[in-house]
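The values are calculated or read from the model by the stated rules, or taken from the named source; none is laboratory data. Predicted model, so just to flag it, every value in this text is computed and none were measured. Reconstructed Cβ throughout: ideal geometry from the backbone, glycine too, with neighbour counts over all protein chains shown.
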Amino acid sequence: MQEIMQFASNHTILSLAWVALLILVIVTTVKGMFSKVKTISRGEATHLINKADAVVVDVRSRDDYRKGHISGAINLAAADIKKGSFGELEKHKAQPVIVVCATGQSAGEPAAALSAAGFAQVSVLKDGISGWSGENLPLVRGK
């Protein structure tokens, strides 16, 4: 214990950075545990789509959507979701909703907005379309 204290006093900035990172990891983990929006794997997404009639919402740009999207996905801009403009998605409030972006990083906010708007079960696809295509799962082109 004395060695740790000596190290911390000799390397103050490094020690503070380590403590800050530890706090961020703990906060992120706790926040994820209590969030209504869950991050799901591709296997879980496939199961929800096939067995629970889940609706896939693709929040990427129209051009990226046309280059390849999950079959049956609805293209809806993240900005529209944040404004509360859900369009054709409104009729699917009782169904599971899977929000998809390019890498799984930017889908969290639109998913939280959908959850706050009363959508029953909202999830985010881990690794987004890049993970989906990385496992050679089918993508539809066009539209």
- prompt: So which residues in segment 49-74 are in contact with a helix residue (DSSP H, G or I) (Cβ under 7 Å, 6 or more places away or on another chain) and without any contact (Cβ under 8 Å) to a residue 24 or more places away in the chain?
  reply: Ile74
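Pick from segment 87-103 the residues that are under 17 Å from Tyr65 (Cβ atoms) and over 12 Å from the mean Cα position of the chain (by Cα): which of them is surrounded by the most Cβ atoms within 10 Å (Cβ to Cβ)?
This residue is Leu89.
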Residues that are assigned to a loop (DSSP other than H, G, I, E, B) and loosely packed, with under 14 Cβ neighbours inside 10 Å, drawn from segment 104-136: Gln105, Gly118, Ala120, Glu135, Asn136
- prompt: What helices (runs of 4 or more DSSP H) completely inside segment 1-85 contain at least 2 residues that are outside the structural domain of Ile129 (by TED's automatic domain parsing)?
  reply: 2-10, 12-34
field: Residues of segment 39-87 satisfying the condition of being among the aromatic types (Phe, Trp, Tyr) and either modelled with pLDDT of 95 or more or touching an Asp or Glu at 6+ places or on another chain (Cβ under 6 Å) (or both)
entry: Tyr65
field: Number of the condition not met by Lys126 [criteria: (1) more than 29 Å from Met33 (Cβ to Cβ); (2) in the same structural domain as Ala54 (by TED's automatic domain parsing); (3) in contact with a Gly (Cβ under 8 Å, 6 or more places away or on another chain)]
entry: (1)
message: Among the listed residues Ser9, Ser15, Ser35, Ser61, identify the single one that is more than 23 Å from Thr103 (Cα to Cα) and surrounded by 13 or more Cβ atoms within 10 Å (Cβ to Cβ).
response: Ser15
